[in-house]
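**Student:** Following this message is one structure expressed as structure tokens.
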Amino acid sequence: MRCKNTFMKPYTDLAPAYDSMLRHVDYEKWYQYLKSIMHNFILEPSLLLELGCGTGRFGAKFSRDDYNIYGMDRSIEMLRVARARAFKNFHIFCGDITQYSLKQKFDFIFSVHDTMNYLTSIDDIRKVLQHTREVMNRYSIFMFDMTSEYNILNNFDGKTTRYTSGGTRILWDNEYDEKNKLVYSYLTFKKPDGTSTMETHVQRIYEIDEIEPIIREEKLELIDVFSDYTFAPVYDKTVMSNFVLRKR
């Protein structure tokens, strides 16, 4: 059945439906956590950078509260949605988090909603850390999250979720290759005109023990790893691990 679909690159058809599909997410609560992380470790944050800003939900909130923030994403389609939110102090641009270079030094850099899980090799993780270190000053903090294997096995593997957005019916099927720690998400978009498209998204699950040595090797310090957007430690049922880093 899937071979009858037109295959699209990730986020082509997902982008305009993304906010609708995630309307259950409490972005304000999530934003307040990001702010608490930032202020807990930085005295007077001024310039912010989000890696993988998507549709710009966080950039708009930081801008609303008078922070100067830049949002980077490699998906033009997602940035088209974010453009409606890019006003005041929120600036967006297209870029790849594994190979970017900026002149500015940022006080707070963050990457959330499992953006880092889309990097399917340790080498790509290393590249992000290398490039991010170059845009950090001596007081900067880099915070990123990673989804856990527990989350995938209990909430995604073998499951199908259905959505409707603007007359398009969306099926989201998930499979987990436990041996290779790869998550395959198949999104099928059945449109009002009778056509169907599909996007395949691939993510990799990483253990904290895999990430820690890479952080050290790239001359960064792991301050802590928190669980599920709290300040509690990670445990066996953690859904999202929140890494907090600074320069050494």
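**Student:** For A232 and T161, what is the calculated FRET efficiency with R₀ set at 30 Å and r taken between the beta-carbons, to the nearest 0.05?
**Tutor:** The value I calculate is 0.60.
**Student:** With a point put 7 Å past each Cα toward its Cβ, work out how far M21 is from E207 in nm, to one decimal.
**Tutor:** Between M21 and E207, the simple spin-label model gives 3.0 nm.
**Student:** Continuing with the same structure: As an exercise, take the mean of 1/r over every pair of distinct alpha carbons in the chain, invert it, and state the Kirkwood radius in angstroms.
**Tutor:** The Cα-based Kirkwood calculation yields 18.8 Å.
**Student:** Expressed as a fraction of 2.2 N^0.38 Å, the rule-of-thumb size for a compact globular protein of N residues, what is the C-alpha radius of gyration of the range 49-110?
**Tutor:** With N residues counted in the range 49-110, Rg over 2.2 N^0.38 Å equals 1.01.
**Student:** Enumerate the calculated ³J(HN,Hα) couplings along the range 32-48 in order (Karplus 6.51 cos²θ - 1.76 cosθ + 1.60, θ = phi - 60°), each rounded to whole Hz, writing x wherever the residue is Gly or Pro.
**Tutor:** Taking θ as phi minus 60°, the curve returns 4, 5, 4, 5, 5, 4, 4, 6, 6, 10, 10, 5, 9, x, 10, 10, 10 Hz for the range 32-48.
**Student:** Hey, another quick one. If we count other beta carbons within 10 Å of each Cβ, what is the order of R246, R138, R169, R57, fewest first?
**Tutor:** Least crowded to most crowded, the residues run R138, R169, R246, R57.
**Student:** Once the principal axes of the Cα atoms of the range 1-99 are found, what is the range along each, listed largest first in whole angstroms?
**Tutor:** Largest first, the range 1-99 extends 55, 31, 24 Å along its Cα principal axes.
**Student:** If we restrict to alpha carbons, what Rg and Dmax does the range 27-164 come to, in Å?
**Tutor:** Values for the range 27-164 (Cα only, Rg and Dmax): 15.4, 47 Å.
**Student:** With a Förster radius of 25 Å, plug the Cβ-Cβ distance of I223 and E134 into 1/(1 + (r/R0)^6) and report the FRET value to the nearest 0.05.
**Tutor:** The calculated FRET efficiency here is 0.85.
**Student:** May I ask you to evaluate 6.51 cos²θ - 1.76 cosθ + 1.60, the Karplus curve with θ = phi - 60°, for each residue of the range 176-191 and list the ³J(HN,Hα) values in order in whole Hz, giving x for glycine and proline?
**Tutor:** Here the 3J(HN,Hα) series is 10, 8, 5, 4, 9, 6, 10, 9, 10, 10, 10, 9, 10, 10, 9, 8 Hz.
**Student:** K247 to D193: FRET efficiency via 1/(1 + (r/R0)^6), r the Cβ-Cβ distance, R0 45 Å, to the nearest 0.05?
**Tutor:** Calculated value: 0.30.
**Student:** Using Cα springs under 10 Å in a Gaussian network model of the chain, which residue among S75, S111, S196 shows the largest mean-square fluctuation?
**Tutor:** It is S196.
**Student:** Another question, then. Between N154 and N40, what is the label-to-label distance in nm when each label sits 7 Å out along the Cα-to-Cβ direction?
**Tutor:** Computed distance between label sites N154 and N40 equals 2.1 nm.
**Student:** If you don't mind, another one. Can you spot the lysines whose alpha carbon is less than 20 Å from K29's alpha carbon? Ignore those fewer than 8 places along the same chain.
**Tutor:** Here the lysines satisfying the reach criterion relative to K29 are K61.
**Student:** Where does the Debye-calculated log10 I(q)/I(0) of the range 92-225 sit at q = 0.09, 0.10, 0.16 Å⁻¹, using only Cα point scatterers of equal weight, no solvent?
**Tutor:** Ignoring solvent entirely, the Cα scatterers give -0.36, -0.43, -0.91.
No lab work stands behind these numbers, since they all come straight from the coordinates. These figures come from a predicted structure and were not determined experimentally. Cβ: placed from backbone, ideal geometry, glycine included. Neighbour counts: every protein chain shown.
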